[in-house]
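The values are calculated or read from the model by the stated rules, or taken from the named source; none is laboratory data. Predicted model, so just to flag it, every value in this text is computed and none were measured. Glycine also receives a Cβ, built like all others from the backbone with ideal geometry; neighbour counts cover every protein chain displayed.
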Amino acid sequence: MTTMRLPITVALTVVVAVVLGALLPDWIGFYYLQVVDLTLVSAILALGLNFIVGYAGQMSLAQAAFFGIGAYSFSILQGTGLPFIPAAVAAVAITAAIGLLLGWPTLRLKGHYLALATLAFSVIVEKLLVNLDTLTGGANGLTDIPGIGLAGDNETMLRVLLAVVAVAFLGSVGFAASPLGLRTRAFRDDPLAAQAVGMNISRLKVMLFVVSAAYAGVAGVAYVCLRGYVSPDVFAWQTTFSYLAMIVVGGLGSSLGAVLGALLYTLVPEWLRFLQEAYFVVFGAVVVLVITFFPTGLAGLLARLGGAFRRLPGARPRLTPKLEGQAP
């Protein structure tokens, strides 16, 4: 995306967020409002993971761990009496700092070695959340967290989460269109060429870990405000694969794809509940079909449909200027 299109993207994002916030509470019931709220939290996580996996092509399986660190840091800080804003800022900063501590020693790792290292980190974090009873509440988690006082108010939380997702989405879009985003994709496509032109690969990888972790920290704070409690099962290491599936199905390296992947992966299974046990098969088949026939994901599919529409006769005005003396 060029910088010239950024104002249009900003305007569309704001309009969509405002319209959904105004209309969705009247369109869907209480249960599906809860599901949409959780989908928006997943969208923040997917957008964050897309920085390091989609833009940079580095396989990280630590997003669930960062999610848990952000949520528990915020919960513990609020438990000490710290107000919402300082606790939220500190929780995101702590999560980003741990992302820095993970990114620095894994600089030389890539491919399946990096995946295994980050997966081991997720397992360690999950075990710590369960076993540090005095700090984390153990398997029971932490309850009665003040948050912003909206736990259970799904309608208001919908609007809050839409605003957060809009900002997170625009941050991702802005990064992709920036010179830094272009350098990141160059590193992904040809690391040797990127190094040959003097690109600091180490600094770039660490920065992406920090940004990905910060997004997960924001999602952790949002989840606590939505639920009012935390428990370690929400941040189990296996859930990382769900966030990875979201960005793969939505389209790697696409901000819109990350959001669409979160929508597909969270909402579609709920709509298929009436199939009972068979819904796993149907949903699995949908995911396989998307990956097989649309390797660029849902975002790529939308782009192809948009291109096909623009090629239709009369779909757009003629842009080629008429030459002097040319017949009309």
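Looking for something in contact with a Lys or Arg (Cβ under 9 Å, 6 or more places away or on another chain), at positive phi and crowded, with 16+ Cβ neighbours inside 10 Å - is there at least one such residue anywhere in region 145-155?
Yes, that holds for at least one residue.
Pick out the one residue from Leu119, Leu150, Leu129 that is within 23 Å of the chain's Cα centre (by Cα) and farther than 21 Å from Gln238 by Cα.
Leu150
Considering each residue of region 181-202, count those that are free of Cβ contacts under 8 Å to residues at least 60 places away in the same chain and among the basic types (Lys, Arg), and give that number.
Here the count works out to 1.
Kindly list, by first and then second residue, each pair from a residue in region 86-110 that is free of Cβ contacts under 8 Å to residues at least 12 places away in the same chain and over 13 Å from Tyr72 (Cβ atoms) to a residue that is among the small types (Gly, Ala, Ser) and assigned to a helix (DSSP H, G or I), limited to pairs with Cβ atoms under 6 Å and residues at least 6 apart or on different chains.
Cβ pairs passing all conditions: Leu109/Ala117.
Does Tyr223 fit the bill of being in contact (Cβ under 8 Å) with a residue 12 or more places away in the chain, over 19 Å from Ala90 (Cβ atoms), surrounded by 19 or more Cβ atoms within 10 Å (Cβ to Cβ) and of a type in the set (Phe, Trp, Tyr)?
no
Where residues in region 258-293 are loosely packed, with under 13 Cβ neighbours inside 10 Å and of a type outside the set (A, V, I, L, M, F, W, C), which of them is modelled with the lowest pLDDT?
Gln276
Conditions (1) of a type in the set (Phe, Trp, Tyr); (2) in contact with a Ser or Thr (Cβ under 6 Å, 6 or more places away or on another chain), marked per residue:
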residue	(1), (2)
Ser202	no, no
Lys205	no, no
Ala214	no, no
Gly217	no, yes
Cys225	no, no
Phe235	yes, no
Ala245	no, no
Gly251	no, yes
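From Thr240, Thr296, grab the single residue that is surrounded by 10 or more Cβ atoms within 10 Å (Cβ to Cβ) and either in contact with a His (Cβ under 9 Å, 6 or more places away or on another chain) or at pLDDT 80 or above (or both).
Of Thr240, Thr296, the one residue that is surrounded by 10 or more Cβ atoms within 10 Å (Cβ to Cβ) and either in contact with a His (Cβ under 9 Å, 6 or more places away or on another chain) or at pLDDT 80 or above (or both) is Thr240.
Is there a residue being over 30 Å from Trp237 (Cβ atoms), modelled with pLDDT under 90 and outside any helix (DSSP H, G or I) anywhere in region 40-59?
no
Might you check whether a residue that is under 20 Å from Ala90 (Cβ atoms), part of a loop (DSSP other than H, G, I, E, B), free of Cβ contacts under 8 Å to residues at least 24 places away in the same chain and of a type in the set (Gly, Ala, Ser) occurs anywhere in region 143-157?
Looking for residues that are under 20 Å from Ala90 (Cβ atoms), part of a loop (DSSP other than H, G, I, E, B), free of Cβ contacts under 8 Å to residues at least 24 places away in the same chain and of a type in the set (Gly, Ala, Ser), one finds at least one in region 143-157, hence yes.
Please find, within region 60-71, the residue that is farthest from Ala91 (Cα to Cα) out of those that are at pLDDT 90 or above and not in a helix (DSSP H, G or I).
Leu61
Quick one: would you say Ala315 is in a helix (DSSP H, G or I) and either touching a strand residue (DSSP E or B) at 6+ places or on another chain (Cβ under 7 Å) or modelled with pLDDT under 75 (or both)?
No: the conditions fail for Ala315.
Which residue out of Ile124, Ile145 is within 27 Å of Thr80 (Cβ to Cβ), of a type outside the set (Phe, Trp, Tyr), in contact with a strand residue (DSSP E or B) (Cβ under 9 Å, 6 or more places away or on another chain) and at pLDDT 90 or above?
Just one listed residue meets the conditions, Ile145.
Quick grid of which residues meet (1) closer than 22 Å to Pro105 by Cα; (2) buried (at least 17 other Cβ atoms within 10 Å of the Cβ); (3) among the β-branched types (Val, Ile, Thr):
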| residue | (1), (2), (3) |
| --- | --- |
| Val173 | no, yes, yes |
| Leu180 | no, no, no |
| Val197 | no, no, yes |
| Asn200 | yes, no, no |
| Val210 | yes, yes, yes |
| Ala213 | yes, yes, no |
| Ala216 | yes, yes, no |
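Is it true that Ala117 is out of contact with any Pro (no Cβ under 6 Å at 6 or more places or on another chain) and assigned to a helix (DSSP H, G or I)?
yes
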